[in-house]
Amino acid sequence: MKKIIHLTDLHMGYKDDKKDIHCTEAFINIVGHIITDYGSNADEYVIVITGDLCNSAATGDEEEYEHNGKTFMAPPQYIIAKTEIKRLEAENFKVLVIPGNHDYGMKGTKYLPEYVEKFKKMFLDKPDVIYPTLYKGVSDMAFIGLDSMDGVFYEDDSSDDEEPYEFEDDDEDTVRLVGGSFAYGKITKEQLERFEVMLNEQNNVEHIVIYLHHHPFNQWFGRQLFHGLHGYKDLKKLVMNYNNVNNNVKAILYGHNHHGYKWNYRWGVPRFYDGGSSTGKGGHVSPHRIIDLSEEVPGYIDGNFYRP
């Protein structure tokens with residue numbers, strides 16, 4: 001069985017000289033350590049990155065980028081992240097990626113629809129990929145990636161008369177943000193329907209790993225309203241109903257909070273991990289977990305190998 005290296009909230013392009021936080025440099029170092037320590041057995045690992053690869057996708061002029069024989073324009077922070085991912089792939093590591101709020105626009109609060117296709121083209125190699133994604137390159141494992149941003153987009157129709165945190169969410173599939181500063185996510189009903197079908201098709205797999213960006217449960221009201229995953233109860237219901245019968249969803253991995261907490265056995269899932277910020281944005285440096293699903297769930301978070 002392959003082990004999982006969980007990375008998240010890389011925030012390429014972010015730095016705070018006063019606090020000596022340099023996320024780009026930190027990720028370059030992390031990649032170097034992974035290659036040095038595990039490169040000789042790269043085929044034994046799957047690396048899962050749960051969003052916020054960059055700090056502000058819309059910052060800076062787009063540059064030409066060549067990939068798979070094609071040249072296209074790409075955001076500069078995308079290019080930095082992709083360059084390091086390609087270093088891992090060149091050593092035969094399998095890398096799975098899902099988007100976060102900072103990957104879809106300006107500084108994680110203004111979600112611009114055109115970045116959905118840009119992200120898919122750069123990190124999933126296909127602009128027409130439909131979420132959720134499925135990876136079954138391992139005989140006894142299935143990885144399902146959810147886009148926790150697909151029900152949110154930004155519409156810049158703000159005015160001087162507008163309240164700073166006004167937004168519209170009438171429980172339709174898409175939330176329309178109006179002005180203000182938001183960092184929350186929402187999964188559309190259509191994606192959840194596809195997820196339910198995909199999940200039920202994995203009932204013969206020994207281990208299912210679900211990964212997404214936003215923390216998928218309520219913590220406290222203010223944080224959930226402006227920072228959490230709206231409609232998380234629908235996702236919870238699907239996972240719990242499925243696992244009550246099949247009991248093979250073994251891990252849910254996510255990021256966004258930068259806390260690095262574990263919530264094991266929530267929703268009946270043995271491993272439920274907030275990955276923190278692997279590069280230490282905000283001063284919250286989190287251990288990089290190496291997760292072995294064949295082992296018993298530890299009373300602590302699965303082992304770490306490096307702190308940037």
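Nothing in this text is a laboratory measurement; each read-out follows from the coordinates by a stated rule. Here the structure is a predicted model, which means the values were calculated and not measured. Glycine also receives a Cβ, built like all others from the backbone with ideal geometry; neighbour counts cover every protein chain displayed.
Peptides 242-249, 269-276, 50-57 ordered by packing proxy, namely the average of other Cβ atoms within 10 Å per residue, highest first: 50-57, 269-276, 242-249. Amide H contacts of Ile98: Ile49, Gly51, each under 5 Å away and 5 or more positions distant or on a separate chain (H built 1.01 Å from N in the peptide plane; Pro and chain starts excluded). Under the rule a/c < 1.5 gives rounded, and otherwise a/b versus b/c splits prolate from oblate, where does the stretch 100-148 land using the Cα gyration tensor? Verdict is prolate for the stretch 100-148.
Going from the residue with the fewest nearby Cβ atoms within 10 Å to the one with the most, Phe72, Phe27 rank Phe72, Phe27.
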